[in-house]
Structure formats: C-alpha cells, structure tokens
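One structure below.
The values are calculated or read from the model by the stated rules, or taken from the named source; none is laboratory data. For clarity, every value in this text was computed on a predicted model and none was experimentally measured. A quick note on method: Cβ atoms are made from the backbone with ideal geometry, for glycine too, and the neighbour counts reach across all protein chains shown. Quick note on the areas: whole protein, heavy atoms, side chains included, nothing else; ligands and nucleic acids left out. Shrake-Rupley method; radii C 1.70, N 1.55, O 1.52, S 1.80 Å.
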Amino acid sequence: MAVARVPLDVSLRESTQRKLRKFSELRGKPVGAGEFWDIVVLTAADEKQELAYKQQLSEKLKRKELPLGVQYHVFVDPAGAKIGNGGSTLCALRCLEKLYEDKWNSFTILLIHSGGYSQRLPNASALGKIFTALPFGNPIYQMLELKLAMYIDFPSCMNPGIVVTCADDIELYSIGEFEYIKFDKPGFTALAHPSSLTIGTTHGVFVLDPFNDSKRRDLEYRCCHRFLHKPSIEKMYQLSAVCRPGDFCPQDFAGGDAPYPHLDSEHVYTDSLFYMDHISAKKLLAFYEEIGTLNCEVDAYGDFLQALGPGATAEYTRNTANVTKEEAELLDIRQRIFHLLKGTFLNVVVLNNSKFYHIGTTEEYLFHFTSDSSLKLELSLQSVAFGVLPYTLKCSCKTSCIIHSILDSGCSVAPGSVVEYSRLGPDVSIGENCIISNSYVISNAAVPAYSFLCSLSLMINGHLKYSTMAFGVQDNLKNKVKTLLDTKLLQFFGVDFLSCLDLWNLKVTEELFSRRRAQFSLWTARIFPVCSSLSESVTTSLKMLHAVKSNSSFSLSSYQLVSIEEMLIYKEVEDMIAYREKIFLEISLIKNKSYLAIS
C-alpha cells in the first residue's frame with residue numbers, strides 16, 4: 001500500500017518553518033565555522049544606495065537581527081553606464097579580490113543582487129528591495145532575513161564558492177529529512193523549479209540530459225545539456241526542454257494519487273539562484289580585469305549560464321530581443337564570455353517539491369501579501385504583523401495587510417491593500433488594492449482605491465523636507481516617450497498625463513522633467529510637492545490624486561516640485577530609519593501595556 005504524501009503546501013510550510021527556526025537561533029549570536037556564510041554581499045547601483053544599505057545593515061547588526069561574526073559588505077557598481085547584474089557580479093569579484101586577496105578562495109559567499117531603483121515597486125526604491133518588509137516576525141522580517149533563512153542549510157554543504165541570487169524572489173522547497181542541497185561539483189550549479197511553459201517564457205529554462213532513474217524524487221542531481229534564456233514556447237519544444245507526465249514510470253503514481261500534482265501537465269524547469277566554484281569565479285575576474293571598463297549591461301543568467309553545458313551555442317550572443325538597451329560593445333562582450341566559459345559544466349539541482357515566487361512589481365506585491373493563500377500558508381504570513389489597530393478593523397482585515405504600522409480609531413482598510421511603516425490618523429479610510437508606505441495620513445482622509453502613496457525624507461540645501469510619490473498602482477513609471485508632444489501617451493491613474501498637468505496648473509516643458517533628451521516619463525516628471533512635514537506632504541499629494549479622480553483643479557504651481565528620480569538623489573535615509581524606529585518603539589510600548597493589563 002502506498003504511503004500517502006504530505007500535500008505540497010503543507011510540506012513547504014513545515015520545511016520553511018524549520019529553516020526560519022534555525023535562522024532565528026543564529027540571530028544576534030556569533031556563528032561557528034561552517035555554520036553560516038563567511039561573507040554576505042549586497043550590490044548597490046550607486047553611492048547613495050550603497051550608503052542606504054550600509055546604514056540599514058548597521059542598524060540590523062546593532063539590534064542583533066542578523067548572525068554575528070560574518071562579513072557583511074555592500075559593493076557599489078562603478079559610475080557610468082548600467083552594467084546589469086552580470087556586470088555587478090564581475091565588479092563584486094574584483095572587490096572581494098581587493099579586500100581578501102587569495103583568502104577568498106576558501107570562503108563560502110552569498111552574493112545578493114540588490115542594485116537598481118525598483119521602478120515597478122517604488123516603495124522599495126529608497127531603501128532597496130532587499131529591505132522590503134514582510135508580514136511576519138517580531139521584529140518584522142525583511143527580504144534579507146528571509147533570504148538568509150531560506151539558504152540556511154547551504155554553507156555547511158558547499159565547497160568554497162559563490163551563490164548568486166536576486167533580492168526580489170523567494171525560493172521555497174521541501175526535500176527528504178536527511179537530504180541536503182550540495183554545491184560540491186566543479187563549474188556552475190543551479191537550482192531548478194517545475195514551472196508552466198508560460199512562466200518559462202519569462203525565465204531561464206534548463207534543457208536537462210535524460211534521467212536514468214525512472215522514479216521522480218523531491219531532490220534530483222541532473223546534468224544540463226544547455227540553458228535557454230526567456231525562450232518562446234516553440235523553442236522549448238524544439239530544443240526538448242518540455243517535460244511530459246508520460247516521461248516517468250507509472251510506479252511514481254502508485255495508489256492513484258500523483259505525488260507531484262503540479263507536474264501532472266507539461267512543464268519546464270526554470271532557474272532561480274546559481275553557484276559557481278572559485279575556478280569559474282577567478283576565470284570571470286581575469287576577464288573583467290582584462291577588459292578594464294564595462295560599458296554595457298551583462299546578464300548573470302542570460303550571458304553566463306547560456307554559455308554553459310555541452311549543447312551551448314553562440315547563437316544567443318546575437319539575440320538582443322531581451323536586452324533593454326543594445327550597446328555597441330554588447331555583442332562582442334557576449335561572444336567573449338561565451339568562449340571564456342564554453343565547456344564549463346552546468347549542474348542542476350532539480351527541486352520537484354518547490355515553488356518560486358517573484359515580488360518585484362506592485363501587482364505581485366499586493367497579490368502575494370493579501371490574496372495568495374498558498375504563500376500565506378507556506379510562510380505563515382499575517383494580516384497584521386507588528387501593528388496596532390482599532391478592534392473594529394481586526395475583524396475585517398483578513399484580505400488586507402498591516403505591517404509595522406499604527407492605525408487610530410475609526411480607520412478602515414479595504415481588501416487587497418497593504419499598509420507598511422505608516423501611521424493612519426482617526427477615521428482614515430484606505431480604498432481597495434492600495435499601497436501606503438512610510439507615510440502619515442492625518443484624520444478623516446480618504447485614499448482612493450488603487451492608489452500608491454510612499455513618502456520620503458529629503459535633504460535639500462541643508463534642510464530636512466518631505467515629499468510623497470502618489471499615483472495609481474497600475475501606472476507604468478518606466479514608460480518613456482521621446483518628445484514633449486508624446487507625453488500625452490503617458491498615463492497617470494488611467495488619465496492622459498497632459499490632462500493631469502492642466503488640472504494641476506502645470507505646463508509641459510523640458511524643465512518639468514529631471515532628465516531630458518528623450519527621457520520623459522512619470523519617473524522623471526517633477527510633479528510631487530516638497531513640504532515641511534511628513535503629514536503635509538501626504539495631504540498635498542492626496543489632493544493631487546483626488547483632483548485627477550474627480551476631474552477638478554488643484555494648483556501645484558506654487559510648490560517646489562521634484563521627480564521620483566530626484567527624491568532618490570535627495571533622500572535622507574537616517575530620518576526615514578528614525579521614523580520607522582519611532583513607530584517600532586510606540587508599538588512596543590502599547591503592546592507591553594496591553595500585556596501588563598491582561599496579566
């Protein structure tokens with residue numbers, strides 16, 4: 001008789017909770033040799049972001065929220081052209097070499113790509129995606145702690161080398177009680193997750209060698225023939241990347257219950273993180289030293305992994321379909337990387353009992369934190385995580401999410417909305433599917449549905465100021481137009497941008513944008529008022545939104561205005577951290593009083 005398997009979401013929950021407990025035991029304590037990473041590296045896009053990351057790391061270490069005795073570094077990309085996460089990887093290798101010389105050959109290193117400005121999730125723009133708050137833990141977990149927890153078993157089962165990952169994804173997996181993921185083979189080793197063919201078109205896809213063992217397992221070590229980066233479905237079929245249920249023996253499904261129901265249909269195996277040994281890392285470093293300065297975007301997945309495996313061809317080096325900007329030297333750099341890495345092994349750790357989540361857009365953020373019952377179960381996400389709110393709201397907030405925030409009496413938060421690091425005054429109402437971040441909304445305010453509000457502290461000419469970015473959660477901040485006339489094609493809260501400017505009494509000129517020369521976008525539009533207080537900033541930006549929603553006038557011509565791009569230049573990180581700390585202390589005080597009253 002077949003042994004019944006634990007349902008996938010339950011097994012993932014149990015495995016995830018074990019890792020979280022293990023990490024929790026290490027927080028604030030010195031770690032022993034092999035117990036944790038020797039080095040943890042965050043990459044940053046520029047010096048302002050580097051400073052913000054260092055300040056937040058320092059605060060976490062001070063509060064003993066991270067394991068101690070570990071070298072935590074922030075490595076900034078060189079000034080100039082964007083170099084992509086592949087370029088950041090090369091830059092990080094050079095920084096490690098300068099700091100540790102040959103000693104880093106013996107270290108286990110976690111490299112988290114966290115540069116960039118999070119234009120699709122702007123509440124992470126100022127302080128970084130890797131410091132995005134999650135709705136669980138006390139104090140609140142951020143993506144950094146979750147990453148460290150989910151990879152807690154790796155360092156003890158890997159050869160010296162580097163694990164490369166991104167800041168905005170979550171990998172959950174369950175394997176046998178006495179099994180471990182090992183990174184001990186030469187070359188590169190990547191994790192692989194079963195995914196639909198549609199998901200495969202936006203990720204990396206592995207073309208695996210035939211598997212001798214007819215029984216499918218939670219954990220499989222496979223060899224990869226070649227790697228495809230964001231392939232079409234047609235190409236997946238053509239190059240034998242698609243797996244079919246009939247490829248496996250019926251004994252896999254004894255008793256009539258498929259042990260992996262998510263694999264009952266055609267699927268592919270997609271990428272997440274990867275490991276490279278020091279020989280491969282040294283090879284890449286030597287290449288970087290040889291070229292000197294990189295002036296194009298290199299993708300750590302598309303440009304490194306596609307060169308690996310016996311079936312790799314140079315065809316991809318000429319394909320610029322998935323490149324954001326085609327620089328003159330990109331094709332040459334790609335071809336040189338291909339010849340550098342050609343013949344290097346690509347080993348794959350197949351995790352059949354796993355899920356991969358991406359939290360890099362406002363839509364994904366809202367869905368996973370409010371509506372996705374699977375992730376809620378697997379990570380034990382909470383509707384209210386370290387917050388204070390009126391009793392009337394506690395009964396109605398199952399599909400909204402409150403993180404590290406204080407809500408006064410009479411507040412209401414509609415389903416599908418997230419409130420983080422904020423204070424809502426009496427009788428504030430938040431519409432559905434909103435994101436409210438780092439803000440103070442004063443009494444009797446109404447935030448329209450599908451609104452995005454995120455306040456930043458700014459230091460302008462030596463004076464502390466505040467500005468609140470406000471728009472629709474579905475607005476595309478990255479959408480650029482080339483001429484001022486084309487700004488009518490931009491959409492602000494579903495309304496053409498020129499109409500919004502009329503309502504705000506603003507003229508469309510080059511001076512309205514912080515970056516000119518065909519860089520006209522909501523990201524660079526100087527439309528957000530600078531104010532003397534946080535609450536005034538929120539109130540004023542809300543008036544902007546209401547003017548657009550009601551098609552009424554609200555003049556911005558008398559305000560100093562900044563773009564989101566400029567907010568990140570002027571951001572005052574210490575004041576933002578201090579604001580969050582003030583909320584933390586107030587919540588702690590209220591909770592302590594409540595506990596004493598009950599006891």
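Quick notes
- Taking the numbered list (1) modelled with pLDDT under 95; (2) of a type in the set (Gly, Ala, Ser); (3) touching a Lys or Arg at 6+ places or on another chain (Cβ under 7 Å); (4) open to solvent by 70 Å² or more (accessible area, probe 1.4 Å) in turn, residue 599 passes all entries but (3).
- Flag for residue 81 being in contact with a Leu (Cβ under 9 Å, 6 or more places away or on another chain), closer than 20 Å to residue 289 by Cα and either open to solvent by 40 Å² or more (accessible area, probe 1.4 Å) or not assigned by the TED database to the domain that holds residue 300 (or both): yes
- The residues listed here are 506, 484; of these, the one that is under 18 Å from residue 543 (Cα atoms) and over 31 Å from the mean Cα position of the chain (by Cα) is 506.
- Listing of strands (runs of 3 or more DSSP E) fully contained in region 340-441 that carry 3 or more residues being aliphatic (A, V, I, L, M) and surrounded by fewer than 17 Cβ atoms within 10 Å (Cβ to Cβ): none
- Residue within region 141-161 that is of a type in the set (Val, Ile, Thr) and either touching a strand residue (DSSP E or B) at 6+ places or on another chain (Cβ under 7 Å) or within 21 Å of residue 347 (Cβ to Cβ) (or both) present: no
- Candidates 487, 509, 483, filtered to the one that is open to solvent by less than 40 Å² (accessible area, probe 1.4 Å) and of a type in the set (Ser, Thr, Tyr): 487
- Complete set of residues in region 136-157 that are open to solvent by 20 Å² or more (accessible area, probe 1.4 Å), outside any loop (DSSP other than H, G, I, E, B) and touching a residue at least 40 places away in the same chain (Cβ under 8 Å): 156
- Any hit, region 219-229, residues being assigned to a loop (DSSP other than H, G, I, E, B), open to solvent by 10 Å² or more (accessible area, probe 1.4 Å) and in contact with an Asp or Glu (Cβ under 9 Å, 6 or more places away or on another chain): no
- Summed over region 446-458, the residues that are out of contact with any helix residue (DSSP H, G or I) (no Cβ under 6 Å at 6 or more places or on another chain) and under 13 Å from residue 539 (Cβ atoms) give a count of 3.
- Selection status of residue 46, open to solvent by 40 Å² or more (accessible area, probe 1.4 Å), of a type outside the set (Gly, Ala, Ser) and under 19 Å from the mean Cα position of the chain (by Cα): yes
- The set of residues in region 183-218 being open to solvent by 10 Å² or more (accessible area, probe 1.4 Å), in contact with a strand residue (DSSP E or B) (Cβ under 7 Å, 6 or more places away or on another chain) and not charged (D, E, K, R) consists of 186, 194, 195, 196, 197, 199, 203, 208, 211.
- Residue in region 61-69 that is surrounded by 19 or more Cβ atoms within 10 Å (Cβ to Cβ) and not in a helix (DSSP H, G or I) present: yes
- Candidate set: region 19-43, residues that are among the aliphatic types (A, V, I, L, M) and touching a Phe, Trp or Tyr at 6+ places or on another chain (Cβ under 8 Å); chosen: the one surrounded by the most Cβ atoms within 10 Å (Cβ to Cβ): 42
- The residues of region 472-488 that are out of contact with any helix residue (DSSP H, G or I) (no Cβ under 6 Å at 6 or more places or on another chain) and in contact (Cβ under 8 Å) with a residue 60 or more places away in the chain, listed by number, are 474, 477, 478.
- Among the residues of region 488-526, those identified as assigned to a helix (DSSP H, G or I) and farther than 30 Å from residue 575 by Cβ are 488, 489, 497, 498, 499, 501, 502, 503, 510.
- Qualifying positions in region 527-544 - buried (at least 19 other Cβ atoms within 10 Å of the Cβ) and either assigned to a loop (DSSP other than H, G, I, E, B) or basic (Lys, Arg) (or both): 527
- The residues of region 559-588 that are more than 22 Å from the chain's Cα centre (by Cα), hydrophobic (A, V, I, L, M, F, W, C) and open to solvent by 30 Å² or more (accessible area, probe 1.4 Å), listed by number, are 561, 578, 584, 585.
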